[in-house]
1. Just to verify a result, which residue in the range 36-66, among those that are small (Gly, Ala, Ser) and within 16 Å of residue 89 (Cα to Cα), is nearest to the chain's Cα centre (by Cα)?
2. Exactly one of (1) among the aromatic types (Phe, Trp, Tyr); (2) surrounded by fewer than 20 Cβ atoms within 10 Å (Cβ to Cβ); (3) touching a helix residue (DSSP H, G or I) at 6+ places or on another chain (Cβ under 7 Å) is unmet by residue 99. Its number?
3. Please count how many residues of the range 136-168 are more than 17 Å from residue 59 (Cα to Cα), in contact (Cβ under 8 Å) with a residue 12 or more places away in the chain and either open to solvent by less than 20 Å² (accessible area, probe 1.4 Å) or assigned to a helix (DSSP H, G or I) (or both).
4. Can you tell me which residues in the range 23-73 are modelled with pLDDT of 95 or more and on the phi > 0 side of the Ramachandran plot?
Amino acid sequence: MLGSGARAAVGRFWAPVVSRLARAGVTPDAITVTGTVGAITASVVLIAHGVLFWGAFAVTVFVLLDMLDGALARARGGGSAFGAVLDSTCDRAVDAAVFGALIWWYTGAGGDRLLALLALVGLVLGVLTSYIKARAEGVGIPCDVGLVERTERLILVLTGTGLTGLGLPHAVDVGLWLLVVGGAVTVAQRVVAVRRGAQGKSLTPSAPAS
């Protein structure tokens, strides 16, 4: 829902930085890897140890940095197929680190198994959401629908985590519940969209079933 608009806004904000990076010869892949390593490190070092506000803040900064890669690729004349795959792979790694850090915290010192379960379900639903789209597009079916995509997932989980770190009771609870419900709706939306788009289509040898 918000992904394209958020990326456009971030792109405008970072435009002067992108120009300097392009002139300096910095590659989009370097930005992708830097943002990913930073976000994963912040998740493991901070969120997983209960430093929720600063952990969420640091992850947000690195996620915004990661959004530079597309703008930088365009400034350099276009991205590469490898860069696109690398970016998607790194996005999944960051998502896993953020939710994994919450699961670690809430099954340990955080002491809330329900929140750990919600984080796990949120992670699984996020993986399914991304996989359905990738698999559908792989067989030629567009699948752009969805109430809660990656941008919304990160907004919900990082806002809830950060506010909880500031002492606001149940903020992460609300964020995770909204994410789980919205994620389930999104998975259902995409399954329905693929079913409709698949009518009259059949798999070919170049598009295996699994």
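1. 39
2. (2)
3. 6
4. The one that is modelled with pLDDT of 95 or more and on the phi > 0 side of the Ramachandran plot: 50.
The values are calculated or read from the model by the stated rules, or taken from the named source; none is laboratory data. Please read these numbers as outputs of a predicted model, since none were measured by experiment. Counting neighbours? That spans all protein chains shown, and the Cβs are built from the backbone with ideal geometry, glycine included. Side chains included, ligands, DNA and RNA excluded: accessible areas come from the protein's heavy atoms. Shrake-Rupley method; radii C 1.70, N 1.55, O 1.52, S 1.80 Å.
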